[in-house]
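Since the structure comes first, as structure tokens, the remarks are kept for the end.
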Amino acid sequence: MKKTSVELCRLGICPNYVGYQEMHLAIQLALEDPTRLTALVQEVYVPVGEATGRHWKAVERNLRTVVHRAWEANPGLLTEIARRPLERGPGTGDFLGMMWVYLTEEDAV
């Protein structure tokens, strides 16, 4: 979990952002079971909303906002995490998938 926090802050997503907690939880859910990434609303947004006391649509919006923040704050690092050229910021599902790959590969090293 510390690695997730560090990487989010490197991307410009720090605890002072409303979506930070939701993104952290979403990444943790993906790390626990990557198949959750195939059903974002039911397997990620709804559980994160229940954990934070927010409607799943607010969770979705907050996650989009912090992904946009990451793209604005550090597109170079986000491109490095993606391991491919990015012409524009990724969607939330893509971001979660990229973070899953990055964090699981980093742990394996």
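The values are calculated or read from the model by the stated rules, or taken from the named source; none is laboratory data. Predicted model only: the values in this text are computed from it and were never measured. When we count neighbours, we look across all protein chains shown, and the Cβ atoms used for this are built from the backbone with ideal geometry, even at glycine. For accessibility, only protein heavy atoms count, side chains too; no ligands or nucleic acids. Shrake-Rupley method; radii C 1.70, N 1.55, O 1.52, S 1.80 Å.
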Checked segment 80-109 for anything buried (at least 16 other Cβ atoms within 10 Å of the Cβ) and of a type in the set (S, T, Y); matches are T92, Y102
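Picking from V46, V41, V67, which residue would you name as being of a type in the set (A, V, I, L, M, F, W, C) and buried (at least 18 other Cβ atoms within 10 Å of the Cβ)? Lay out the reasoning, then the answer.
Numbers: V46 fails: buried (at least 18 other Cβ atoms within 10 Å of the Cβ); V41 fails: buried (at least 18 other Cβ atoms within 10 Å of the Cβ).
Going through V46, V41, V67 in turn, just one is of a type in the set (A, V, I, L, M, F, W, C) and buried (at least 18 other Cβ atoms within 10 Å of the Cβ): V67.
If you take the residues of segment 49-64 that are among the hydrophobic types (A, V, I, L, M, F, W, C) and buried (at least 20 other Cβ atoms within 10 Å of the Cβ), which of them is nearest to C14 (Cα to Cα)? Steps first, answer last, please.
Within segment 49-64, the first condition is being among the hydrophobic types (A, V, I, L, M, F, W, C), and the residues that meet it are 51, 56, 58-59, 63.
Add one more test, that the residue is buried (at least 20 other Cβ atoms within 10 Å of the Cβ), and what stays is 59, 63.
Working: V59: 16, L63: 13 Å.
Here the answer is L63.
From E32, E50, E7, grab the single residue that is farther than 21 Å from R88 by Cβ and touching a Phe, Trp or Tyr at 6+ places or on another chain (Cβ under 9 Å).
E50
For segment 1-38: of the residues being among the charged types (D, E, K, R) and open to solvent by less than 30 Å² (accessible area, probe 1.4 Å), which is nearest to V101 (Cα to Cα)? Walk me through how you get there before you give the answer.
Of the residues in segment 1-38, the ones among the charged types (D, E, K, R) are 2-3, 7, 10, 22, 32-33, 36.
With open to solvent by less than 30 Å² (accessible area, probe 1.4 Å) added as a condition, the list becomes 7, 22.
Working: E7: 13, E22: 19 Å.
The qualifying residue nearest to V101 (Cα to Cα) is E7.
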